[in-house]
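Take a look at the structure below.
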Amino acid sequence: MAISKSLPEKIIFSAKPYAFTFPSAATALLIIDMQRDFLLENGFGHIQGGDLTNVQAAIKPTASLLEAWRSLGLPVVHTREGHLPDLSDCPSSKLVRQAAAPGNKQHVQTIGDKGPMGRLLVRGEYGHDFVDELQPYESEIVVDKPGKGAFYNTRLMEILQKNAITHLIIGGVTTECCVTTTLREANDRGFECCAIAEITDGYNPPYKAASLDMIYWSQGLFGFVGSLDPLIEALKQYSTDGPSSTASENKKSDIAYVSSDGSEVKSPPQTPQAWDGSLLIDDLQRSYRAGVSPISVLEAVFNKIEEYSKVDPAVFIHLIEKKVAFARAEGLMKAHPDRRNLLPLWGVPFSVKDSIDVAGVPTTTACPPLAFVPTRSAAVYDKCIAQGAIHIGKTNLDQYATGLNGTRTPYGIPRSVFNKDYISGGSSSGSAVSVGAKLVSFSLGTDTAGSGRVPALFNGVVGFKPTRGTVSITGVTPACLSLDCCSFMTANIKDARIVWSLLEGYDSADRYAKATPPILRSVDAHFKNFKFGIPPPEALSVCTFTFRQMFNDTVKRLQEIGGKLVPVDWAPFDNAGKILYDGTFVMERLASLPDDFMDKNRDALHPVIRELFEQVIARKSSAVDVFRDLHKQALCIRQMMDIFSPAGISVLVVPTSPLHPTVERMLAEPISLNSTLGTFTHFGNVNDLCAVAVPAGTYPLPGTDGAQNGTAESVLPFGVTFLGGSRTDSEVLSIASRFEAHISHTSS
């Protein structure tokens, strides 16, 4: 849900031991276990002898806070305590201890036993779900927990970090058990927490008072305790919700059009809300909540794509038909008539790199001999659709996803949105251009050696490459399968975080998926200092003079926002980069092809791709060579653990590319220049790092003073990449986001 633009950076309300201050963009409402099993007659709590009077009294004030919180688009997390049907996640002590008490007459039924609302505290049963008054919205997060604390054996910490949450407003049941256990766990993990007295309660009134008193004892040992009225008053002064947010009136706000089945959708009696044209995800969500129709957004998107094709006809390989996209929008409107309760990507237009499968749409990988029509979509695409996004088309790329420049394709050469004489970058070329030209809100790309970062730089957008194995690559045509990962092109880091948080997750069908949860550092709710490293001068010498100057300026900006520059050992980065193309790992690009592929398709390949593949074959690398490189990689990854440890650096910052070539120069030096483009990207996946490429300013077009009537074509973009250790994606995004905000502030 999009946070209201009316909110200030920080909100303050009275609490104990002193006023609680929370950042509006980094605070979630955490509602603990407001389930039928704990709140209703014949539920688990009632059967165990609990007095329901006070816990039921917490329902209404919780609903009041939810209404105020939701009206501002602030994030909400709900937890449910319960177990798998086979109770395999329930410790025997939890089942036995109370029932085994001498003379026990209270705990005659235990977890898993049949009750009037189904098996007690078992997931999927009626009693396990939330009470009707507090059902979650589509965009809200639900965490099923097997214990009393919400962090034990759940992904809550990951979820909060992915969403950049540092502060929690907490309520729920019961105060003496799950609420305070969770609050103390959150305190240990670095969160600032405030329990709200009226929205939490228990079965024994004295225990509630004692539990809350212990939270703020000794000047806030564990956190804060506040009251409902001051918090709601603090929120209400920023609320902008009007009548259009109600379900009935939102339903009327869709403009008239003829449906894909030929039926007419009636026009509303009032003038529909006008769309401001912004494709940022939060802006779209706010527009939709205000009554804007996704049909009007799609009309504008398709019109702009048509206009932009006159400038650059090589962005898309396949466009979805208008009527298909409109039918998707119609389905979304029928499924979600209440505009207050929308999926996180509801109505958001996106594009897909044409190496990612979409059922019924050809996957070409810009290589006609490899083209096929998949019957199933890629897992990452399916997740986008499940969250309400609308697919617009499949984008151009370097053939077989091999290249960082965008010129190796039979479907025309995409150009930088800044100047048509300059390359778009690759291999996710069309993805970057579609976002940079504001044709879609985000694009799904891939990144093996920099394909999601270099084109982001050359089109002035954000390119985020998560830790490999954390976003499914099932249904993605492999380049180097063991190193491939999905990437996201977005207009800003916030949108990248939104998309990533929704698409990340373990996929058992992905053979390289990381199943082991990450070791998470605590969040930092107050201090903003961090340590960063950069390449040594000899590594930076490959950069153009302008890029070197702008990188020096970037270092100064990072120091201005609290960064401390520390030396790093460059050898593991340099060595890993060499393994990818100077070593044997490049042979993996042939491993996913049939043995006779080159013999049958040599003449159909792009000339540069054909030359590259023939060079790889000519090396005649042995299995011994491959294992030696695997050993080198293992050493580099182990060295990364020390470099990016808590005692090391938080991020490595590099120029995303050393230069921005023209198309003409790229075609003249297709292999050597492409290698140069990857100087600071090739080592990323080999070393199991995450990375985000971020715009860092513009510079005058060579041969001009950059002042040609202020037109975009008079400047070119510069950008840097923030790299972090494996599964430190959230921390890397947070630092990059602060840099992005600083750039925006100092440039305005």
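A few remarks follow.
- Matching residues in the stretch 535-590 - criterion: being out of contact with any Leu (no Cβ under 8 Å at 6 or more places or on another chain), part of a helix (DSSP H, G or I) and of a type in the set (Phe, Trp, Tyr): 545, 581
- Test: residue in the stretch 174-187 that is at pLDDT 95 or above, outside any helix (DSSP H, G or I) and either among the charged types (D, E, K, R) or under 18 Å from residue 221 (Cα atoms) (or both): no
- Counted residues, the stretch 188-220 - those being part of a helix (DSSP H, G or I) and either on the phi < 0 side of the Ramachandran plot or not assigned by TED's automatic domain parsing to the domain that holds residue 232 (or both): 14
- Among the residues listed as 670, 655, the single one being under 27 Å from residue 558 (Cα atoms) and at pLDDT 95 or above: 655
- Residues in the stretch 128-169 that are under 29 Å from residue 516 (Cβ atoms), among the β-branched types (Val, Ile, Thr) and outside any strand (DSSP E or B): 4 in all.
Yes/no matrix, rows are residues, columns are (1) touching a helix residue (DSSP H, G or I) at 6+ places or on another chain (Cβ under 6 Å); (2) surrounded by 15 or more Cβ atoms within 10 Å (Cβ to Cβ):
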site: 117; (1), (2): yes, yes
site: 121; (1), (2): yes, yes
site: 125; (1), (2): no, yes
site: 135; (1), (2): no, no
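- Near pairs, Cβ below 7 angstrom, 6+ apart or cross-chain, from the stretch 192-220 (under 21 Å from residue 526 (Cβ atoms) and β-branched (Val, Ile, Thr)) to any residue that is at pLDDT 95 or above and outside any strand (DSSP E or B): 215/180; 215/183; 215/222; 215/223
- Flag if residue 419 is assigned by TED's automatic domain parsing to the domain that holds residue 298, outside any strand (DSSP E or B), surrounded by fewer than 23 Cβ atoms within 10 Å (Cβ to Cβ) and not aliphatic (A, V, I, L, M): yes
- One residue stands out in the stretch 170-190 among those that are surrounded by fewer than 24 Cβ atoms within 10 Å (Cβ to Cβ) and in contact (Cβ under 8 Å) with a residue 60 or more places away in the chain: the one that is nearest to residue 213 (Cα to Cα), namely 178.
- Leading residue by the ranking (farthest from residue 520 (Cα to Cα)) among those in the stretch 636-649 that are assigned to a helix (DSSP H, G or I) and in contact (Cβ under 8 Å) with a residue 12 or more places away in the chain: 636
- Within the stretch 455-468, residues that are charged (D, E, K, R) have Cβ atoms under 6 Å from residues that are assigned to a helix (DSSP H, G or I) in these pairs: 468/685, counting only partners at least 6 apart in sequence or on another chain.
- Residue within the stretch 597-606 that is among the aliphatic types (A, V, I, L, M), under 20 Å from residue 484 (Cβ atoms) and assigned to a helix (DSSP H, G or I) present: no
One line per residue, one yes/no per condition, for (1) under 30 Å from residue 165 (Cβ atoms); (2) of a type in the set (Asp, Glu); (3) in contact with a helix residue (DSSP H, G or I) (Cβ under 9 Å, 6 or more places away or on another chain):
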| residue | (1), (2), (3) |
| --- | --- |
| 659 | no, no, yes |
| 664 | no, yes, no |
| 672 | no, no, no |
| 690 | yes, no, yes |
| 723 | yes, no, yes |
| 735 | yes, no, yes |
| 740 | yes, yes, yes |
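Residue-wise test of (1) assigned by TED's automatic domain parsing to the domain that holds residue 497; (2) free of Cβ contacts under 8 Å to residues at least 24 places away in the same chain; (3) of a type in the set (Val, Ile, Thr).
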| position | (1), (2), (3) |
| --- | --- |
| 278 | no, yes, no |
| 326 | yes, no, no |
| 356 | yes, no, yes |
| 362 | yes, no, no |
| 365 | yes, no, yes |
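- Restricting the stretch 332-366 to residues that are in a strand (DSSP E or B) and either modelled with pLDDT under 95 or more than 20 Å from the chain's Cα centre (by Cα) (or both), the residue that is surrounded by the fewest Cβ atoms within 10 Å (Cβ to Cβ) is 361.
- Out of 7, 29, sole residue that is touching a Phe, Trp or Tyr at 6+ places or on another chain (Cβ under 6 Å) and in a strand (DSSP E or B): 29
- Test: residue in the stretch 299-316 that is surrounded by fewer than 16 Cβ atoms within 10 Å (Cβ to Cβ) and either farther than 27 Å from residue 415 by Cα or aliphatic (A, V, I, L, M) (or both): yes
- Hits in the stretch 661-680 (condition: free of Cβ contacts under 8 Å to residues at least 60 places away in the same chain and in a loop (DSSP other than H, G, I, E, B)): 669
- For residue 98, the conditions (1) outside the structural domain of residue 50 (by TED's automatic domain parsing); (2) crowded, with 16+ Cβ neighbours inside 10 Å all hold with the exception of (2).
- A single member of 452, 425, 445 is more than 18 Å from the chain's Cα centre (by Cα) and either among the aliphatic types (A, V, I, L, M) or modelled with pLDDT of 95 or more (or both), and it is 425.
- The residue that is modelled with the lowest pLDDT, counting only those in the stretch 392-411 that are touching a Leu at 6+ places or on another chain (Cβ under 8 Å), outside any loop (DSSP other than H, G, I, E, B) and within 18 Å of residue 449 (Cβ to Cβ), is 400.
- Qualifying residue in the stretch 236-252 (condition: in a helix (DSSP H, G or I) and at pLDDT 90 or above): yes
- Yes/no for residue 338 being in contact with a Ser or Thr (Cβ under 6 Å, 6 or more places away or on another chain) and either in the same structural domain as residue 437 (by TED's automatic domain parsing) or of a type in the set (A, V, I, L, M) (or both): no
- Between 493, 534, the distinction of being under 30 Å from residue 283 (Cα atoms), at pLDDT 95 or above and surrounded by 15 or more Cβ atoms within 10 Å (Cβ to Cβ) belongs to 493 only.
- None of 10, 105 is closer than 26 Å to residue 195 by Cα and surrounded by fewer than 22 Cβ atoms within 10 Å (Cβ to Cβ) except 10.
- Selection from the stretch 73-86 of residues that are modelled with pLDDT of 95 or more and either of a type outside the set (Asp, Glu) or exposed (fewer than 15 other Cβ atoms within 10 Å of the Cβ) (or both): 74, 75, 76, 77, 78, 79, 80, 82, 83, 84, 85, 86
- Residue within the stretch 370-381 that is modelled with pLDDT under 95 and farther than 16 Å from residue 434 by Cα present: yes
- When we screen 425, 445, 430 for residues that are assigned to a loop (DSSP other than H, G, I, E, B), crowded, with 24+ Cβ neighbours inside 10 Å and of a type outside the set (Lys, Arg), the only hit is 425.
The values are calculated or read from the model by the stated rules, or taken from the named source; none is laboratory data. What you see is a predicted model; the values in this text were computed from it and never measured. In this analysis, Cβ positions are derived from the backbone assuming ideal geometry, glycine residues included, and neighbour counts consider all displayed protein chains.
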